[in-house]
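Asker: Below is a structure I'd like to ask you about.
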Amino acid sequence: MFGTTATTVVLGLLMPLSGCGGSGDGAGDGGTLRLVAAEYGDSDSPATGSKPYWDKMTADFTKANPGIKVDVKLLPWADIDREVSRMVKAGKAPDVALMGSYSDFAAQGQLYPADELLSVTAEANFLQPLADAGTVGNTLYGLPFVASSRLLFYNQALFTKAGIKEPPKTWSDLKAAAKALKDKGVAYPYALPLGPEEAHAEAMIWELSNGGGYADSAGNYALASEQNIKTWSWVKEHMVATGYTGPTPPSKLNRADAFAAFLRGEVGMLNGYPSLAYEARGKGIGVGTIAMPVSDNLGVGENPPAVGVADWMMAFKQNGKRAEIAKFLEFIYQDKNLTEFANRYRLLPSTVTASRTPAGGGLDKNDQQFLDALRGAQLYPVNDPAWLTVSDTIKRNIGRAVEPTGDPKAVLEDIAAQAKAAKNH
């Protein structure tokens, strides 16, 4: 069903696809709600495009709520942030948007808080890490819709060929496995995508696995922490300089290219999310999934969180349609409707009840492992309005830390300085 587009099926930070549907961007008229949503598949393919889902949902919603129509405009991920910002500034905000960021609109006072849209029960139904990431101050503005977590994938056949008995649990194990794979001619023993497409995901995974990360316990950016500097110094010396990350320099390797290489059987290990596992198995590739190996410096029993990613529904105040929006959100967050979308793109639903009892009778073993990781995951600091700028800075620069002439400490301090400037802007 998903074919070759599954590697580009997206969360807010994944590979954008072209094409859009729906009508113009004017403010709502009469009984019409306007939804702007990201295109999660290929807009030219009924099998993966988002239009069939929204056509069905909006028709069913209007049937259940006569007098309220929903006009849907689909935009590529590459354009949606810019386009929605333009609409808001022009006084033509959509009533509802589904996209990868919300906090800048919350900071501008443009969004309805969740307690004006959802019942107490519905608001409490979101998985806790997602609700936390959708909260600014003590108020929930970003309503999580679908989510995912990241786990380490390994090619079971390549592991067998290289004589690797068990999947790695520590960085030392990871390095040993990568050496064994390289010795057997595997092109990318460990694919390290630090190219500008999604380097901030790979970077956060590595930093968390050494007790670091993007923020300290108080929620302040800690991009150049001692743990993070040690992380990239180790990665540069033990993985990149040794050739264990393959022929493409990590700063030039994008996630989509790493995934494509994995599906060609050229990658021993890489970090991935559920849809990649499904597509790999569809191609006959045996895939193992485990938590990211941890630094040998961490204490026994320390289990750093996985990285979680979510996309967000948000409701704009500009057109004053709170009551109609509330009805629409109540409808779309019904377990069966939310699960239908999540299943279409091999993502995880954002609510406790939908993830417990999705249509079809429960999660399969693959999805359950990702859901378990998501329950304790750490998300990007998306509730910081500066995050879009900070994440872009990380994406464009973190790869320099592992280049032959790169200085991890200097690169991280440069990123931290730019983040501080963005935060104070």
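The values are calculated or read from the model by the stated rules, or taken from the named source; none is laboratory data. These numbers were taken from a predicted model, which means no experiment stands behind them. Cβ sites come from the backbone with ideal geometry, for glycine too, and all protein chains shown count toward neighbours. Each accessible area value is taken on the protein alone, full model and side chains, heavy atoms only, with ligands, DNA and RNA left out. Shrake-Rupley method; radii C 1.70, N 1.55, O 1.52, S 1.80 Å.
Asker: Which one, 244, 220, 232, projects farthest toward the positive side of the charge dipole computed for the stretch 215-258 from Cβ point charges (K/R +1, D/E -1)?
Answerer: 244
Asker: Can you find, among 382, 70, 416, the residue sitting farthest towards the positive end of the charge dipole of the chain, where Lys and Arg contribute +1 and Asp and Glu -1 at Cβ?
Answerer: Final value for the positive-end residue is 70.
Asker: Which three extents, in angstrom, do the Cα atoms of the stretch 29-167 have along their principal axes, listed largest first?
Answerer: Extents along the principal axes, in whole Å: 66, 40, 32.
Asker: What's the carbon and sulfur percent of the stretch 271-425's accessible surface, probe 1.4 angstrom, rounded to a whole number?
Answerer: 49 percent
Asker: Further question: In units of 2.2 N^0.38 Å, what is the alpha-carbon radius of gyration of the chain?
Answerer: Numbers: Rg = 21.4 Å, N = 425, 2.2 N^0.38 = 21.9 Å.
Relative to the 2.2 N^0.38 Å estimate, the chain comes out at 0.98.
Asker: Run the dipole for the chain about the Cα centre, Lys and Arg Cβ at +1, Asp and Glu Cβ at -1, nothing else charged, and hand back the magnitude in debye, nearest 20.
Answerer: 600 debye
Asker: Give, rounded to the nearest 20 debye, the magnitude of the charge dipole that the stretch 47-90 has about its Cα centre when Lys and Arg contribute +1 at Cβ and Asp and Glu contribute -1 at Cβ.
Answerer: The dipole of the stretch 47-90 has a size of about 100 debye.
Asker: Indicate, rounded to the nearest 5 percent, the antiparallel portion of the DSSP beta bridges found entirely in the chain.
Answerer: Details: 25 of 40 bridges.
Counting DSSP beta bridges with both partners in the chain, the antiparallel share is about 60 percent.
Asker: Per residue, how much accessible area does the chain show when a 1.4 Å probe rolls over the protein heavy atoms, in square angstrom? Walk me through the intermediate numbers first.
Answerer: Numbers: 16890 Å² over 425 residues.
That works out to 40 Å² per residue.
Asker: Using 0.36 nm times the number of residues separating residue 47 and residue 215, minus their current alpha carbon distance, what extension gain do you get?
Answerer: Between residue 47 and residue 215, full extension yields 56.5 nm more.
Asker: In addition: Taking +1 at the Cβ of each Lys and Arg and -1 at the Cβ of each Asp and Glu, which of 371, 331, 425 sits farthest along the dipole of the chain towards its positive end, judged by Cα position relative to the Cα centre?
Answerer: It is 371, whose Cα lies furthest towards the positive end.
Asker: Report the Cα centroid-to-centroid distance between the stretch 174-231 and the stretch 289-331 in angstrom, as an integer.
Answerer: One Cα centre to the other: 21 Å.
Asker: Additional query: Give me the net charge of residue 39's neighbourhood, meaning all other residues with Cβ under 15 Å from the Cβ of residue 39; Lys, Arg count +1, Asp, Glu -1. Display every interim value, and only then the final one.
Answerer: On the way: positive: 51, 73, 82, 344; negative: 42, 44, 55, 79, 81, 83, 311.
Once positives and negatives cancel, what remains is -3.
Asker: Further, regarding this structure: What does the charge dipole of the stretch 307-348 about its Cα centre add up to, to the nearest 20 debye, if the Cβ of each Lys and Arg holds +1 and the Cβ of each Asp and Glu holds -1?
Answerer: Roughly 120 debye, rounded to the nearest 20.
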